[in-house]
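The values are calculated or read from the model by the stated rules, or taken from the named source; none is laboratory data. Note that the coordinates shown come from a computational prediction; the quantities given were computed from them, not determined experimentally. Cβ sites come from the backbone with ideal geometry, for glycine too, and all protein chains shown count toward neighbours. Surface accessibility is based on the protein's heavy atoms, side chains included, excluding ligands, DNA and RNA. Shrake-Rupley method; radii C 1.70, N 1.55, O 1.52, S 1.80 Å.
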Amino acid sequence: MRMSQKPQPPSHGLAVCPDPECGEPVDPRDRFCGACGHELTAAAELPAGQDRPTMPIAAPVWPEAPPREPGSLSTLTQHPGELPGTDSGGRDLPTVPVRTDGPVAAPRGETVRGGGDFELAAPDPRAAVRVEPEAPSGTAPQPSGEAAEELCVACRAGRVDGDGYCENCGHAQPRERDHMERELGTVAAVSDRGLRHHRNEDSFAITETSLPDGRPATVAIVCDGVSSAHRPDEASAAAARAAGAVLGEALPRGTHPQQAMHEAIVAAAEAVTALARTEGPDAGADSLHGGNSPACTIVGSVVTDGLLVVGWVGDSRAYWVPDDRTAPAARLTEDDSWAAQMVKAGLMNEAQAYADERAHAITGWLGADAYELEPHTAAFKPDRAGVVVVCTDGLWNYAEAAEAMAGTVPADAALRPLHAARVLVGHALDGGGHDNITVAVTPFAPTPPGAPSP
């Protein structure tokens, strides 16, 4: 037997108003129709034990629209206070006077509180961009519990409270780490939250310093918080801050850049480990002895005259892109990941390994739950000018091979590193922006002929 698929309205034991012009459902126990007021002649009792069904809400009867003014294409204004209504208890709603004068602008520097009106100006894109003072050593800005008073990016009048909302219009302010940019004379970095993540768990630090003989040295550190761990944003920030500080102090003392990079990664690991809680009621969920402690990856570069040093733990990468694009580009790091291990063991080629769903499972990271720390460092002496790109997988997922990365880096990257970093972040966003994206671009110049080697 074939059943009809047309949905049938439930009756719920309701009768129908006998008025032919109404026909609305009515409860048999009601004496009058709730829609039209028609008197109901029958009041059947509900069977014993049967609950009173929920009554459908009848559509309100609005008054007719005010007449149109002569020669006008619109009707007269109808204010909410002129419409009838009752509250949930059946009482008439109070008539609220409607203001027809202009909005009351808040005095400059003051915040309007309470239920008064205020003027909400359209945001000015130029004024809405917050220009932060340069952080020491080019470190990415970190959240501070005592942030300076700032104006709302929407109304440009109200102060922003500690929770990130405007006290004037209630607009939520953009978080500081959603998009970060820093530019020094010889290096630039950009970090973006991407299109899928609810926060930015990457961080970076860039530094300009010098060796004891006065030769300049440029440092770039990029860290990627492990999303499956606790507080990954704090982990990446702590690691970048610690590594940048160590390199900024060790290089002027005469420490070899490769040794300084090793010490910087060790310091970054200690900083992330220190975030793990070892006491208190929450120790079991985030501790040195189990749980899921804060964790991140790290990659960094040091560029001096004629010498390029990179260091890393995890799957964040460093690339070499020569200015002469007819020369080959190169990837300078080897991932601590499942895919890299499969390729190294000869079990898969790169295409097969990185197509596997386990490809990005990292085998090395910084944090209390990490295996024995093995910082990787390498030194190179390129024979030509180019740029060093250090980045998280939020970028290289969209330009994995060295040739693909070189094809994405603008030709004038050495002259405009900040522009190049923005272009690379834009490339990842255009590709889908599935992860946080952070990249630092450092120009490299070979040692001039006859100059002493570092």
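Residues checked against (1) over 17 Å from VAL299 (Cα atoms); (2) surrounded by 15 or more Cβ atoms within 10 Å (Cβ to Cβ); (3) in contact (Cβ under 8 Å) with a residue 60 or more places away in the chain; (4) in contact with a Lys or Arg (Cβ under 9 Å, 6 or more places away or on another chain):
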site	(1), (2), (3), (4)
ALA327	yes, yes, no, yes
ASP335	no, yes, no, yes
ALA351	yes, no, no, no
GLU357	yes, no, no, no
LEU366	no, yes, yes, no
TYR371	yes, no, no, no
GLU374	no, no, yes, no
ASP393	no, yes, yes, yes
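Quick one: is ASN436 open to solvent by 40 Å² or more (accessible area, probe 1.4 Å), under 29 Å from the mean Cα position of the chain (by Cα), in contact (Cβ under 8 Å) with a residue 24 or more places away in the chain and more than 26 Å from PRO212 (Cβ to Cβ)? Don't jump to the end; show me each part of the working.
On the way: open to solvent by 40 Å² or more (accessible area, probe 1.4 Å): no; under 29 Å from the mean Cα position of the chain (by Cα): yes; in contact (Cβ under 8 Å) with a residue 24 or more places away in the chain: yes; more than 26 Å from PRO212 (Cβ to Cβ): yes.
Considered against the rule, which asks whether it is open to solvent by 40 Å² or more (accessible area, probe 1.4 Å), under 29 Å from the mean Cα position of the chain (by Cα), in contact (Cβ under 8 Å) with a residue 24 or more places away in the chain and more than 26 Å from PRO212 (Cβ to Cβ), ASN436 comes out as no.
Quick check: is even one residue across the stretch 181-188 open to solvent by less than 30 Å² (accessible area, probe 1.4 Å), touching a helix residue (DSSP H, G or I) at 6+ places or on another chain (Cβ under 9 Å), of a type in the set (Val, Ile, Thr) and part of a strand (DSSP E or B)? No: zero hits. When each of LYS381, LYS344 is tested for being open to solvent by 70 Å² or more (accessible area, probe 1.4 Å), closer than 17 Å to ALA318 by Cβ and not β-branched (Val, Ile, Thr), the lone residue that passes is LYS381.
If we scan the stretch 200-215, do we find a residue that is assigned to a loop (DSSP other than H, G, I, E, B) and crowded, with 24+ Cβ neighbours inside 10 Å? Break it down into steps so the answer makes sense when it comes.
In the first step, residues of the stretch 200-215 are kept if they are assigned to a loop (DSSP other than H, G, I, E, B); the result is 200-201, 211-215.
Narrowing further to those that are crowded, with 24+ Cβ neighbours inside 10 Å: 200-201.
The answer is yes, given that some residue of the stretch 200-215 is assigned to a loop (DSSP other than H, G, I, E, B) and crowded, with 24+ Cβ neighbours inside 10 Å.
Of the residues screened, SER236 is not one that is in contact with a helix residue (DSSP H, G or I) (Cβ under 6 Å, 6 or more places away or on another chain), touching a residue at least 40 places away in the same chain (Cβ under 8 Å) and not hydrophobic (A, V, I, L, M, F, W, C). On inspection, GLU201 passes the criterion of being under 20 Å from TYR398 (Cβ atoms) and either at pLDDT 95 or above or among the aromatic types (Phe, Trp, Tyr) (or both). List every residue pair whose Cβ atoms sit under 8 Å apart, with the two residues 6 or more apart in sequence or on different chains, where the first one lies in the stretch 243-268 and is polar (S, T, N, Q) and the second, anywhere, is open to solvent by 10 Å² or more (accessible area, probe 1.4 Å) and in a helix (DSSP H, G or I). Once the first residue is polar (S, T, N, Q) and sits in the stretch 243-268, its partners that are open to solvent by 10 Å² or more (accessible area, probe 1.4 Å) and in a helix (DSSP H, G or I) give THR255/GLU263. Only residues that are modelled with pLDDT of 95 or more, surrounded by fewer than 16 Cβ atoms within 10 Å (Cβ to Cβ) and either assigned to a helix (DSSP H, G or I) or among the small types (Gly, Ala, Ser) (or both) were counted in the stretch 400-418, giving 4. Residues in the stretch 232-260 that are more than 17 Å from PRO212 (Cβ to Cβ), touching a Gly at 6+ places or on another chain (Cβ under 8 Å) and open to solvent by less than 20 Å² (accessible area, probe 1.4 Å): 5 in all.
The residues in the stretch 223-272 that are part of a loop (DSSP other than H, G, I, E, B), closer than 19 Å to GLY394 by Cβ and of a type outside the set (A, V, I, L, M) can be counted, and the count is 3. Looking across VAL309, VAL266, one residue alone is open to solvent by 40 Å² or more (accessible area, probe 1.4 Å), under 29 Å from PRO443 (Cα atoms) and modelled with pLDDT of 95 or more. It is VAL266. I'd like the full set of residues that are at pLDDT 50 or above and open to solvent by less than 80 Å² (accessible area, probe 1.4 Å), limited to the stretch 1-17. Within the stretch 1-17, LEU14, ALA15, CYS17 meet the criteria.
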